[in-house]
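Accompanying notes for the structure given below.
Derivation of every value follows stated rules applied to the coordinates shown; laboratory data play no part. The model shown is predicted, which means the values in this text are computed figures rather than measured ones. Note that we place each Cβ from the backbone using ideal geometry, even for glycine, and neighbour counts take in every protein chain shown.
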Amino acid sequence: MRLPLRVCRLCITVLRSFSNGILKRTPLYDFHISQKAKMIDFCNFSMPLHYADQSIIDSHQFVRQHCGLFDVSHMLQASYFTYIHLQQMQVSGKDRVSFLESLTCADIEELPISSGTLSVFLLNSGGILDDTIIMKCKEPYLYIVSNAACSSKIIAHVTEMMTKGVNDGKEINIKVLNHSLLALQGPDAYSVLRAGISSSDIQNFENLFFMESMLIDSLYGLNTPDSDIRLTRCGYTGEDGYEISVPSEIAIPIAEALLLVIP
């Protein structure tokens, strides 16, 4: 999708996938179709490979020189809390840190508040289940993002271990979030995102460094009454960037707002 005079371009990473059956769709599926995306099967999701007037090389160069917007809503997001209900992840409860340390190789206890680390989920045998990012949030939970390809295995493993922990008197809860996840990546990501940050959040945003995370009230004036928007300064492109976890019902308006920002 070619956007003259604008710093953002919608992109998608290309990875091999193996799946069968009906493909799942992210909340941005209709948006991709409206932009004439070529959709492919990636981890049982219908995801854009490229757009009608934009090659994969074009989008790569644009991210390196300006910034691009990626739909990564197929990723598993979760937070770990105090009781049990599953569906993106959060882990809470007073035993959340020791619980997650028992499942990964991360030293979460020593992480500064609002910062995170790249780690791996471990099998009971010591083998690696998959990689993950763990954020030690200011709020009373841990925020986790894992790969789509292994989401069912991760949820099953974490739920099994949580059930054992709860039965042993531990206070742990898992909440799988139904948010969409966007990644804004490239050297212009900071200025593009800053244009949509409210005055009440701007100071904290300006002090947000790599592998740090924060909640914001709204982005470009958009939010829903009962949900949060989380910004995490991280990415896998080799450039500066942010992951943006947003309520799915406003994912398309936020994507459109980001793409319309003029530097």
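Observations on the model:
- Prolate/oblate/rounded label for the stretch 76-176 (Cα gyration tensor, a/c 1.5): rounded
- DSSP beta bridges confined to the stretch 76-176 are antiparallel in about 90 percent of cases.
- Residues Y29, Y236, Y143 arranged by fewest to most Cβ contacts within 10 Å: Y236, Y29, Y143
- Packing, taken as the mean count of other beta carbons within 10 Å per residue, orders the peptides 173-181, 33-41 from highest to lowest as 173-181, 33-41.
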